[in-house]
Amino acid sequence: RAAFNITGGCQTAVNIIQNTSHKGTIYIDGCVEVEASGKENVVDFNDASGEIIIKGYSSNTSNGGTIKANSGQRVLGVWKGKVTLGNQLTITGGNFTGDCGGGIFNDAELTLDGCIITGNSVTETYSMGGALYCNEESKTIINAGTKITSNTAKYGGAVAVAGGTLIVEGGEISSNTVLSGGYGTGIFVKTYVEYN
């Protein structure tokens, strides 16, 4: 196990793990915000062989570290590999100007293991997944201790599932909202019908 003093922020740490050992844990102590202007996501996961765990590091177990987006951005884009978020890590501030995933867009394998996703939104006309959007081939596991609260979208104020697999083992999904005419303050499942 190696320790790094990372000056480039969370994305730099993710890149180091993906480009070397392809497996590692990142501890967030304090608040990480967007590291470059013009980025769609604060942190992107792009390595299919990568397995990364991000945890809060604060000694106060009710308030671990935070990854926060600026206006118009999403917090995390999980495109490839395996990602686990835990130990009271907070994902917040996502106010994505697109239509899917205010806090997290998952297109790979994501485990929420005691993290907090709060204060995220996506507000386009057909916006889905204020906290989390699960894309068609994704796998998402929500474990005990996870809290998804106070997020907003048109469909799925907390979570929108467009396909793939969603497993809810525990946790709390509460106090999320939908925009006018929307559905599913907690979990919205979008189904596809194929006609041949």
Ordering of 112-119, 159-166 by burial proxy (mean other Cβ atoms within 10 Å per residue, highest first): 112-119, 159-166
Candidate lysines - alpha carbon under 26 Å from K80, same-chain residues fewer than 8 apart omitted: K23, K39, K55, K68, K139, K147, K190
Crossing angle, helix 10-19 versus the chain [Cα axis fit, 0-90 degrees, rounded to tens]: 80
Distance in nm between pseudo-label sites at T123 and S49 (7 Å out along the Cβ direction from Cα): 4.3
Area accessible to solvent at E124, 1.4 Å probe radius, in Å²: 80
Order by protection proxy (mean Cβ within 10 Å, highest first), peptides 75-88, 42-55: 75-88, 42-55
Where labels lie 7 Å past Cα in the beta-carbon direction, separation of S174 and T25 in nm: 2.9
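Write down the accessible area per residue of region 57-196 in Å², having rolled a 1.4 Å probe over the full set of protein chains. Numbers along the way, then the final one.
Working: 6050 Å² over 140 residues.
Result: 43 Å² of accessible area for each residue.
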Helix-only [θ]222 nm of the chain, DSSP H runs n ≥ 4, -39500 (n - 2.57) each, per residue, nearest 500: -1500 deg cm²/dmol
Percent carbon-and-sulfur accessible area, the chain, ignoring ligands, DNA and RNA, probe 1.4 Å: 46
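The values are calculated or read from the model by the stated rules, or taken from the named source; none is laboratory data. Computed from a prediction, not measured in an experiment: that's the story for all the values here. Note that we place each Cβ from the backbone using ideal geometry, even for glycine, and neighbour counts take in every protein chain shown. The area values use the complete protein model at the heavy-atom level, side chains included, leaving out ligands, DNA and RNA. Shrake-Rupley method; radii C 1.70, N 1.55, O 1.52, S 1.80 Å.
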